[in-house]
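The values are calculated or read from the model by the stated rules, or taken from the named source; none is laboratory data. The structure presented is a predicted model; accordingly, all values stated were derived computationally and were not measured. As a convention, Cβ positions derive from the backbone with ideal geometry for all residues, glycine included, and neighbour counts pool all protein chains shown. The protein model used for the area step is the full one, side chains on, heavy atoms only, and it has no ligands, DNA or RNA in it. Shrake-Rupley method; radii C 1.70, N 1.55, O 1.52, S 1.80 Å.
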Amino acid sequence: YTYLFGCYSSYAFLKTGSLGGAVLSHMFCNWMGLPDFNYVIRAPLRDASVVAIAYIAGIWAFVRGFSNHLIFDDGYKLQM
C-alpha cells in the first residue's frame, strides 16, 4: 500500500509540479487510513454489497483520474 501511494504521489508531483498537492494528498491518506476489507466479509449481505460496490467505484475513479487531463495537464513541464 505504501509503495503504491508513493508512486501516486511522485506521479502527481511530477505532472503538476506542486509539492503542496502531494503533501495534502499524503495528509488525507493518513487521515483516512486503510479501508476495512474485513467488514465486507463480516457484514450482512446488503451492507457488504453496498460497501463492495463503493470500493470498486472508488478504485475505478482513482485509476480513471490518471487519464483525466483536467487534473494532470501535460502542458506543464517540471523544470529540473
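Round to the nearest 0.05 the FRET efficiency obtained for residue 7 and residue 40 when R0 = 25 Å and r is the Cβ-Cβ distance. Provide the component values of the computation, followed by the final result.
On the way: r = 25 Å, r/R0 = 1.00.
For residue 7 and residue 40, the calculated efficiency is 0.50.
3J(HN,Hα) along region 41-55, derived from phi through the Karplus expression 6.51 cos²θ - 1.76 cosθ + 1.60 where θ = phi - 60°, amounts to 6, 7, 6, x, 4, 5, 5, 5, 5, 5, 5, 4, 5, 5, 4 Hz, with x in place of Gly and Pro.
Ranked from largest to smallest solvent-accessible area, with a 1.4 Å probe on the protein heavy atoms, 59, 41 come out as 41, 59.
In the complete set of protein chains, residue-level accessible area for residue 2 is approximately 110 Å², probe 1.4 angstrom. Each of residue 27 and residue 56 was given a label point 7 Å from its Cα along the Cα-to-Cβ line. The distance between the two points is 3.5 nm.
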